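S.K.: One structure, pasted below without further comment.
What follows is calculated from the coordinates using simple rules that are stated; it is not laboratory data. Quick caveat, the model's predicted, so the values are computed rather than measured. Positions of Cβ are backbone-derived with ideal geometry, glycine not excepted, and every protein chain shown enters the neighbour counts.
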Amino acid sequence: MLASKLVAEPLHALECPMLADGAVAFVMTSAENAKSRGLDSVRVAGSGGCVSHYSIGQEPDLAALGWATAAGHAYEQSGWGPKDAQIAQIYDTYAAVTTIDVEGLGFCDPVTAPVWLPRALQIPAGGYRAIPMAACCRPATPESGGGTALLVEGVRQLLGRAESERQVPGVERCIVGGTGGSYMDAQVLLLERLR
């Protein structure tokens, strides 16, 4: 990535989103209906959102972008946080902004994400990362639907239905986060597998 063409300091071409179209869909039903059909299910344990500005010039803290506020609401509602999740699915458009996301979600201390993130994404020989994470930019494949694709992947992981090379064993909790507009809003969902 860092060897690709410099677009605008500090962003390189391969750190920027590729414009593409994609789609993903899912079906929601009640836990009772799923149970009556013999289906495993996933519930939303907590949710939080924050609209921090409407124009980027109104944002008081470009290093936060509402993530800590959104995550705080979700963690309070669910009673659990980043240390309790086995996986995270994070949507954002630029790799540089993903560092803001993981800090706001509480995976690492403020200003440490540029060091923490590369280490967190390294897969040790024969194992999984400390926190398996998918960070997605704009759709890169026809079947991808951006942030919603990560929600669907989180549900697949919780149900044990991801393709075998992607399936993380023993997933019970997943954090899904996304941002939109001019980084004006941050949205966080905490998902749990129901038994």
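S.K.: Based on the alpha-carbon gyration tensor of region 1-74 and its eigenvalue square roots a ≥ b ≥ c, which shape applies: rounded if a/c is under 1.5, prolate if not and a/b is larger than b/c, or oblate?
M.R.: Values: a/c = 3.27, a/b = 1.67, b/c = 1.96.
It is oblate, given that a/c is not under 1.5 and a/b is not larger than b/c.
S.K.: Another question, then. Figure the gain on full extension for Tyr94 and Val111 (residue separation times 0.36 nm, minus the Cα-Cα span) and round it to one decimal in nm. Before the final figure, lay out each step's value.
M.R.: Working: separation 17, 0.36 × 17 = 6.12 nm, distance 1.69 nm.
Length gained between Tyr94 and Val111: 4.4 nm.
S.K.: If R0 is 30 Å, what FRET efficiency do you get for Met28 and Leu62 from their C-beta distance, rounded to 0.05?
M.R.: Given R0 = 30 Å and the Cβ-Cβ separation, E is 0.30.
S.K.: If I take R0 = 41 Å and measure r between the Cβ atoms of Arg119 and Leu6 in this structure, what FRET efficiency does the formula 1/(1 + (r/R0)^6) give, to the nearest 0.05?
M.R.: In this case the efficiency is close to 0.95.
S.K.: Tell me what the chain gives for mean residue ellipticity at 222 nm when only DSSP H runs of n ≥ 4 count, each as -39,500 (n - 2.57), the sum divided by the residue total, rounded to 500 deg cm²/dmol.
M.R.: -7500 deg cm²/dmol
S.K.: If you count, for each residue, the other Cβ atoms within 10 Å and average over each peptide, how do 73-86, 156-169 line up from highest to lowest?
M.R.: Result, highest mean first: 73-86, 156-169.
S.K.: If you look at just the Cα atoms of the chain, how large are its Rg and its Dmax in Å?
M.R.: Spelled out, the Cα radius of gyration and Dmax of the chain are 16.9, 55 Å.
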